[in-house]
Amino acid sequence: MKVLLDENIIQKSIPVLEKYGHDVIHVLNRFEAGKSDEDVLQLALDEKRALITLNGKDFVILIPPRTELELHYGLIWLKGFQVTRKTYEKVMDIIGIFLKSRGESIKNTYYAVKKNGKSYEVIQRFSKLMETLVKL
């Protein structure tokens with residue numbers, strides 16, 4: 001799976017995700033620091049990459065159902081905790097396994113990764129909202 005790490009994700013996460021067979025780049029491999037969220041999302045779209053970020057609230061407003069964008073390749077929001085030098089490997093292992101099991105099925109979906117005790121869980125968010133919209 002092709003993955004883009006946002007600027008706020010430690011670059012040491014790249015080899016952790018790569019060990020699961022993912023093609024991973026960091027925003028700072030393509031842009032200078034401080035690039036706009038719109039430009040980061042456009043890079044993910046252009047290269048057909050899922051985006052992993054700590055700033056999910058800034059990206060959720062740029063993807064469906066809040067915009068007319070028809071396709072994105074998945075958003076993973078590390079929500080409510082900081083990824084530190086001590087925790088990044090555990091968090092990225094969970095994401096790496098998750099992405100390997102889901103593959104391309106994460107298109108047009110966003111997920112939140114939340115701390116759950118001493119571990120982390122990946123929770124699907126977007127489809128729940130879509131189900132609600134479809135029922136209305």
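The values are calculated or read from the model by the stated rules, or taken from the named source; none is laboratory data. Model, not experiment: these values are computed from the prediction. Neighbour counts are summed over all protein chains in view; Cβ atoms, including those assigned to glycine, are modelled from backbone coordinates with ideal geometry. Please note that ligands, DNA and RNA were not included when accessible areas were found on the heavy atoms of the full protein model with its side chains. Shrake-Rupley method; radii C 1.70, N 1.55, O 1.52, S 1.80 Å.
Here are some notes:
- Residue in the range 4-12 that is part of a strand (DSSP E or B), within 16 Å of TYR73 (Cβ to Cβ), touching a Pro at 6+ places or on another chain (Cβ under 9 Å) and open to solvent by less than 40 Å² (accessible area, probe 1.4 Å) present: no
- Restricted to helices (runs of 4 or more DSSP H) entirely inside the range 27-111, those with at least 1 residues that are modelled with pLDDT of 95 or more are 37-46, 88-102.
- Of the candidates GLY56, GLY74, the single residue that is touching a residue at least 12 places away in the same chain (Cβ under 8 Å), open to solvent by less than 40 Å² (accessible area, probe 1.4 Å) and out of contact with any helix residue (DSSP H, G or I) (no Cβ under 8 Å at 6 or more places or on another chain) is GLY56.
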